[in-house]
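Where a number appears in this text, it was derived from the coordinates with a stated rule and is not lab data. Remember, it's a predicted structure, so these values are computed and weren't measured experimentally. In this analysis, Cβ positions are derived from the backbone assuming ideal geometry, glycine residues included, and neighbour counts consider all displayed protein chains.
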Amino acid sequence: MLVKEVPDPGVPKRLDPTSGRLDRTGARGLNPFDAHALEAAVRLRESAIPPVEKIVAVTMGPDGAARVLRRALSMGADRALHLSDPVLAGSCVVATGYALARVLERERPDLVLLGQQSDDGECYAMASIVGEQLGMPALSQVSRLELAGATLRCERQAEYGYDLVELDLPAVVSVGDALNEPRYPSLKALVRAREAPVETLSAAAAGIEPHRVGAIGSHTRVLAVAEPAARAPVELVDGSHPEAAVERVVAWLGERGLR
Amino acid sequence: MQPVSGVLAYALHNEGSFHRDSLGAVSEAARLASELGEEAAAIVVGGDELDDALCASLGRYGARRVYRARAPAGLAEPAVDAIASVMRRGPYRYALLGGGLLGVEIGAALAARLGGGVTMEVIEARLTGSGDLVVLRSALRDSARVRVGYVGRPGVVIGRRGAFAAVEHDGSSATVSDVVHEPSPWANRARMLRRGERRGPELDLGQAEVIVAGGRGVGGAEGFRDLEALASALGGVVAATRAAVDAGWYPYSAQVGQTGKAVSPRLYVACGVSGATQHRVGVQAAGAVLAINRDAGAPIFAWADMGVVGELAELLPRLIRALSAAGDATPPSLESTT
């Protein structure tokens, strides 16, 4: 299981104009798509054919990122691994995938699951990079998943319609939000997760070569950050008074000749 | 050895034609290559359907050479194997892909395999005076744009859907050559059982003036009945987001968003649509966007023109009634509005 800490959806996000990196201040939580991946892992364990030995949640990020591991533990993960090291800061997507793969291969997973996307858009690529690094088949944006023995049947929407792809395990799969409805952890599970141990790994302990990560190991460099052209702000109407709200909408449509 | 700077574009195909975004990638590769004083090439991966004439047709978009690899189409791994093999042997510094799901998979794995850099959601690519490529990409759900350069070689560029226009010139043809590549040991561990299944009737959303779209917030198939009534009151058609389609609430043929059809209606009404970047990209050409969502924090409110924070079940029936009544009772306004 790969999980990722992302900014709370309600908090406006910004890139630091000098470093080009995400400004990591503000409330943060589990990437919503990762919750669907976790739910998929728990359901595979529940169906028990074949038996799932262990669900291990892995994240990479600064100290605070351990929060998402507690969330993963409360949702059913058995173990949590936090890859945290200053040398990793500023890694490009390829370097990040390399570092995560080093941690994952220690666990000898049969299946690596992750959410298909996060706010920065690069997560779409992560399953493919991790799969390449691990020498495993990878499939992203999967919306239906069926395990039969050592093969996984995956359905997804690709460029020309629905594709049905069979993967031999071990494999890497990123999932979408149509896959399942993640359950809320019970109070008991939340309390247990708060006390459960989270293992912290340094880059060296994970066998990561320092010259392949961080700013020096990255293959792309952010040169400048620019805000897109500002657009007129949205006119927001309170729908708790539906009659008044509808009246305003009808007037707005009329003003634009749209009805 | 002279440093190489050629540009190679991957072209995705199905049922005898290339994907529009792939033709855009080939055109963009040709533009960049000519600025570099190099030739652009394209690479295609598939079976017998890739005959000489089809491959050579990429010459009309500026490819001088087309590499053809015989391997299963529609899966990333065989394409990564073939492109990596050509890039290792040939004079190519940059690879361009047209985006979409497969473009991201292939481009990302290719960069990892070759130890190169990759950028995605690319809107624009240009060359510096010294011949290095710099791209402009969208980031953070379109709230920021970032200029990114490559360190070392090679550089992989994954375009945003529709970012690179397909530019066709009559009369140019390309040399087609077959490449033999070594499949990676895990290439046959992913198998396509069924490709490109279409579900539901064909709809022409591209031409619609008014689109009423439903997302996850619609809550179920029955919720789409109100959307159909609203669409009919506005003289429009109903569409659905990928989440709603994947959930089985509405047919695939009605899907809009990055993996669905790109649309350009005068009015786009988004009901229970969160408005993630991938959806936004598909509807960016809409004239006016009206969003109705119970979640005031939904990203769609950052790019809608008018937003109502409230319950669809309370708002839609009233809106449908108001529009039907207004349509019957009042003559069109003669006042000029801007």
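For B:Glu121, B:Glu105, A:Glu243, the sequence from fewest to most other C-beta atoms within 10 Å is A:Glu243, B:Glu121, B:Glu105.
Considering only A:Ala196, A:Leu30, A:Val68, the residue lying farthest towards the positive end of the dipole of chain A is A:Ala196, judged by Cα position with unit charges set on Cβ. Kirkwood's formula applied to the C-alpha pairs of segment B:129-245 gives a hydrodynamic radius of 20.5 angstrom. Largest GNM mean-square fluctuation across A:Gly239, A:Gly161, A:Gly64, computed for chain A with C-alpha springs under 10 Å, falls on A:Gly239. Calculated on C-alpha atoms, the gyration radius of segment B:235-303 divided by its Kirkwood radius gives an Rg/Rh of 0.92.
At a Förster distance of 60 Å, what's the computed FRET efficiency of B:Arg89 paired with B:Ser324, Cβ-Cβ distance as r, to 0.05? About 0.35, to the nearest 0.05.
This model, with +1 at the C-beta of Lys and Arg and -1 at the C-beta of Asp and Glu, gives segment A:29-72 a dipole about its Cα centre of some 100 debye. Our estimate of slack between A:Asp78 and A:Ala196, defined as 0.36 nm per intervening residue step minus the Cα-Cα distance, is 41.5 nm. Sorted ascending by nearby beta carbons within 10 Å, beginning with the fewest, B:Leu319, A:Leu81 become A:Leu81, B:Leu319.
Placing +1 on the Cβ of every Lys and Arg and -1 on the Cβ of every Asp and Glu, with nothing else charged, gives the protein assembly as shown a dipole about its Cα centre of roughly 1040 debye.
Taking 16 Å as the cut-off, the amide N atoms of segment A:141-162 that come nearer than this to a point 7 Å along the Cα-to-beta-carbon line of B:Leu193 belong to A:142-158, A:162. Would you tally the net charge around B:Val309, using a Cβ to Cβ cut-off of less than 11 Å, leaving B:Val309 out, and scoring K and R as +1, D and E as -1? After counting each charged neighbour, the total is -2.
Ranked from largest, the principal axis spans of the Cα set of segment A:153-259 equal 64, 46, 40 Å.
Taking each DSSP H run with n ≥ 4 as -39500 (n - 2.57) and averaging over every residue of chain A yields -9000 deg cm²/dmol at 222 nm. Comparing A:Asp238, A:Asp78, A:Asp168 in a Gaussian network model of chain A (Cα springs below 10 Å), the most mobile by mean-square fluctuation is A:Asp238. Give me the log10 of I(q) over I(0) for the protein assembly as shown at q = 0.05, 0.06, 0.07, 0.13 Å⁻¹, as the Debye formula computes it from C-alpha points; what are the numbers? At q = 0.05, 0.06, 0.07, 0.13 Å⁻¹ the computed log10 ratios are -0.22, -0.31, -0.43, -1.43. The convex hull defined by the C-alpha atoms of chain A has an orientation-averaged projected area of 18.0 nm². Taking the inverse of the mean 1/r over every pair of distinct Cα atoms in segment B:48-192 gives a Kirkwood hydrodynamic radius of 16.4 Å. Solvent-free Debye calculation, one equal scatterer per alpha-carbon of chain B: log10 I(q)/I(0) at 0.07 Å⁻¹ equals -0.35.
In this entry, segment B:42-116 is assigned a mean projected area of 4.9 nm², taken as a quarter of its C-alpha convex hull surface. Here chain B is treated with +1 on each Lys and Arg Cβ and -1 on each Asp and Glu Cβ, and its dipole about the Cα centre works out to around 840 debye. Among B:Gly171, B:Gly215, B:Gly223, the largest mean-square fluctuation in a Gaussian network model of chain B (Cα springs under 10 Å) belongs to B:Gly171. Segment A:36-103 and segment A:147-161 have Cα centres lying 22 Å from one another. Of all DSSP bridge pairs formed entirely within chain A, close to 50 percent run antiparallel. Which percentage, to the nearest 5, of the DSSP beta bridges contained in chain B is antiparallel? Of the beta bridges lying entirely in chain B, close to 20 percent run antiparallel. Neighbour counting of Cβ atoms within 10 Å sorts the residues A:Val213, A:Val165, fewest neighbours leading, into A:Val165, A:Val213.
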